[in-house]
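Read-outs: derived from the displayed coordinates by stated rules, not from any lab. Model, not experiment: these values are computed from the prediction. Every residue, glycine as well, gets a Cβ built from its backbone with ideal geometry; the counts of neighbours run over all protein chains shown.
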Amino acid sequence: MWFFILAELTVFAIFFIGFAISEQQNLEMFSQGKAQLHQLSGLINTIALITSSYFVSLSLAAIHKQAANKAALLLLGAKGFALIYISVKIWEYFSLFEQGITIETNTFFTLYFLITAFHLMHVLLGMVILTFIAKAAWQGKYQGKSLSGFEAGASYWHMVDLLWIILFPLIYVI
């Protein structure tokens, strides 16, 4: 899992570097593009993902205390906040589409849609992973056994959250 996380971080680093270089070459376009984004939706998504990661951290503490059912329920809470993220992101996309803004509008929006959609796919995969480990926890599969699968899933989710914490200021704020 650590190799996979490192590979994903590398891909996102390339995206972030490409975004930063493109922004330096097109300051006015990127400034105008950022002005058209919904900063409040980006902030809501940041809060949703940080809260979701908090629930995953609580679930990890619970599974270490052999409270598997509590851990599973906390993971459901984490998924609930992830659903908020997904809902807000989809609303944001449709809001931009209604304004005639698409992936082909300009370089800023090409990178915006590529990077945020790639992140959204990681959120969806993370939700699948959280579902898998929550089900396994609920079924008692982690009691008295290695917790590495649970910890790996939690680490992946924290990576997804970390990426958004970098992505939000880079694309929406700075």
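Scanning the range 2-22 for residues that are surrounded by 13 or more Cβ atoms within 10 Å (Cβ to Cβ), of a type outside the set (A, V, I, L, M) and more than 13 Å from Ile166 (Cα to Cα) yields Glu8, Gly18, Ser22. A single entry from Thr116, Thr105, Thr110 fulfils the requirement of being within 22 Å of Ser31 (Cβ to Cβ), touching a Leu at 6+ places or on another chain (Cβ under 9 Å) and surrounded by fewer than 19 Cβ atoms within 10 Å (Cβ to Cβ): Thr105.
Of all residues in the range 69-111, those being in a helix (DSSP H, G or I), of a type in the set (Ser, Thr, Tyr) and either free of Cβ contacts under 8 Å to residues at least 60 places away in the same chain or closer than 19 Å to Glu8 by Cβ (or both) number 5.
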